[in-house]
1. If you wrap a convex hull around the alpha carbons of region 1-107, what volume per residue comes out, as a whole number of Å³?
2. Rounded to whole Å and ordered largest first, report the semi-axes of the equivalent ellipsoid of region 233-302 derived from its Cα gyration tensor (root of 5λ).
3. What value, in deg cm²/dmol to 500, does the helix sum -39500 (n - 2.57) over DSSP H runs of n ≥ 4 give at 222 nm once divided by the residues of the chain?
4. Give me the one-decimal Kirkwood hydrodynamic radius in Å for region 191-343, with the sum taken over alpha-carbon pairs.
5. If the viscosity is 1.002 mPa s and the temperature 20 °C, what translational diffusion coefficient in µm²/s does Stokes-Einstein give for region 1-51 when Rh comes from Kirkwood over Cα pairs?
6. I need the shape label for region 256-386. Rule: rounded when a/c is under 1.5, else prolate if a/b > b/c, else oblate, with a, b, c from the alpha carbon gyration tensor.
7. For a quick protection proxy, order the peptides 95-101, 52-58, 188-194 by their average other-Cβ count within 10 Å, most packed first.
8. Hey, what D do you get for region 153-268 in µm²/s if you plug the Kirkwood alpha-carbon radius into Stokes-Einstein at 10 °C and 1.306 mPa s?
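No lab work stands behind these numbers, since they all come straight from the coordinates. These numbers come from a predicted model, not from an experiment. Here Cβ is always computed from backbone atoms with ideal geometry, including for glycine, and neighbour counts include all displayed protein chains.
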Ligand SMILES: Cc1cc2nc3c(=O)[nH]c(=O)nc-3n(C[C@H](O)[C@H](O)[C@H](O)COP(=O)(O)OP(=O)(O)OC[C@H]3O[C@@H](n4cnc5c(N)ncnc54)[C@H](O)[C@@H]3O)c2cc1C
């Protein structure tokens, strides 16, 4: 069998791409190394911009709908901002990702799980993918196999990717601690240097984690996380369901994400926001761009995938570069940034609006600069020491 497109990886990037292509009658095979449903280390925060972009309703696999954000500093709650419009949903990634794959299969995609790819060869006509002694043939190959992408490694793409480090614990806590957290997602920019800590509520437990938003060796993240948890008296006596670390792309660099008939998307293409580590939205966005470009490819309008790389850089990496600028400022001056955010309604509206997807990161930076006088006035009026 020769498939039109072989997709490696059944995360959000791979599943959504397979769905979009199958809907257009393209013959797709997904190869996934894990047995599905598989656990994925993730906070499971699905922002409104991601929900809006997904090609189908995912309401059925949502744990909670966030009512807004709590901003904390070193374990202390500074304020709670209720967001009137839909802001984010919280999901468990095993359920959510499996649901996405099921939609792809319903649309006509084929899936083989428990298949770990180990070799790629391509010529002018096709790509041959090896997984142990099995061989699969496709006209195109999509690497949606995450930040440690084997497809990227085997084809020499993105050799020097910038990545940060995250650590996530799933904690069973008392009913009081769950209700104290409520439907709010906590962001704490004073819990570690160069990154932030989160608390995302799930139906029956909390996801608590840290993102060290800088490349290179990270020291003491586990101790930072333990200290952060210990500062929340409500979490006392918690039961730890899991504790896992993983890398998160620090997106924003102009890169080449294709070679011949092979291209990368999602984390494999290093597309996550270097401020909060959000990656699901960019996985779905790159899948949508890839689907459009693949359709053009099969209609004969394009004989290579350089237009795909170009669009990824213009439509995603340029925004992520702006996110990086914002992140650099926030992580250099976390105390000042948190204080301004605490007291300025204008800044809250712009920052939460950006997470929600009302503004791009470019607009965020422009708006903050333009609104700086009113942000400072609001902050001075409400000033208290952090
Ligand atoms: C601790 C943590 C918390 C996070 N929290 C959030 C959050 O709250 N919100 C958010 O938007 N993002 C978050 N992210 C980022 C988010 O998880 C990723 O950006 C997202 O999963 C990227 O999707 P993807 O489909 O590109 O890759 P993945 O979800 O990583 O999927 C890749 C798939 O490829 C498979 N695979 C890998 N190698 C092979 C191989 N050789 N052969 C076959 N299959 C293979 C894997 O098993 C996996 O199923 C978080 C990340 C971490 C580490």
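1. 116
2. Values for region 233-302, descending: 36, 13, 11 Å.
3. When only DSSP H runs of four or more count, the value is -10500 deg cm²/dmol.
4. Roughly 17.7 Å, rounded to one decimal.
5. 173
6. prolate
7. 95-101, 188-194, 52-58
8. Approximately 99 µm²/s, per Stokes-Einstein.
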